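Throughout, read-outs are computed from the coordinates displayed, never taken from laboratory work. Values in this document were obtained by computation on a predicted structure and should not be read as measured data. FYI the Cβ positions are ideal-geometry reconstructions off the backbone, even for glycines, and counts take in every protein chain you see.
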Amino acid sequence: MTLSRRNLLLTSAGVVAAGVWSAGPASAAAPAVDYPGAEWIPASTSNYTVSNRPSSYPVNIVVIHVTQEYYRDAIAIFQDPARKVASHYLVRSGDGHIAQLVREKNVGWHAGNWNYNTRSIGVEHEGWVDQPQWFTTQMYTASAALTRSICNRYGIPKDRAHIIGHNEVPGATHTDPGPLWDWTLYMRLVNS
Ligand SMILES: [Zn+2]
């Protein structure tokens, strides 16, 4: 996801007014997450395609994103049926907390490319591509463990051909995760 700063400001106001965050934490009846330790915070059902992966489509790519939004605002966007966007996971910058918003069997709308959406897991990271303070060790470590788990469970090679940036999706108009994303560190952590 990459959204403008204008959108950010508008969304920030909307979140507070709507109290979206209060709806976030999973209840006792919440469905099991695909990644242990993730918090289930469901996206709007208008923002992804129900599917039965990996039977319906193979899963062989992880797409790395940076939100250009605060964690809470990104969740609000994914829960807004008008936005038509949702990633499977969102990692919080400060502590590496992971929210799961879309089940892995379903097709998230995050890559801007239907073919890539059908066969990928989208992992969003809180922050801005031009602000290095968001790229914390906690976020890298937590995200890398998540991506390692995804790769292990679907047999995805842990290399840069299969773990790609949103900017590397064919036809991408988005620049995230941007030049400050430390691919060397990230791939080392994924493979550790
Ligand atoms: Zn993106």
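Does the stretch 146-166 contain any residue that is in a helix (DSSP H, G or I), among the basic types (Lys, Arg) and within 23 Å of VAL33 (Cβ to Cβ)? Checking the stretch 146-166: at least one residue is in a helix (DSSP H, G or I), among the basic types (Lys, Arg) and within 23 Å of VAL33 (Cβ to Cβ).
The selection criterion, being over 15 Å from ASN47 (Cβ atoms), of a type in the set (Val, Ile, Thr), assigned to a loop (DSSP other than H, G, I, E, B) and touching a residue at least 40 places away in the same chain (Cβ under 8 Å), holds for VAL129.
Which residues, taken from the stretch 167-190, are aliphatic (A, V, I, L, M), over 14 Å from ASP130 (Cβ atoms) and within 15 Å of the ligand (Cβ to nearest atom)? Matches in the stretch 167-190: VAL169, ALA172.
Within the stretch 100-128, the set of residues being away from the ligand (no atom under 12 Å from the Cβ) and among the hydroxyl-bearing types (Ser, Thr, Tyr) comprises just one member, THR118.
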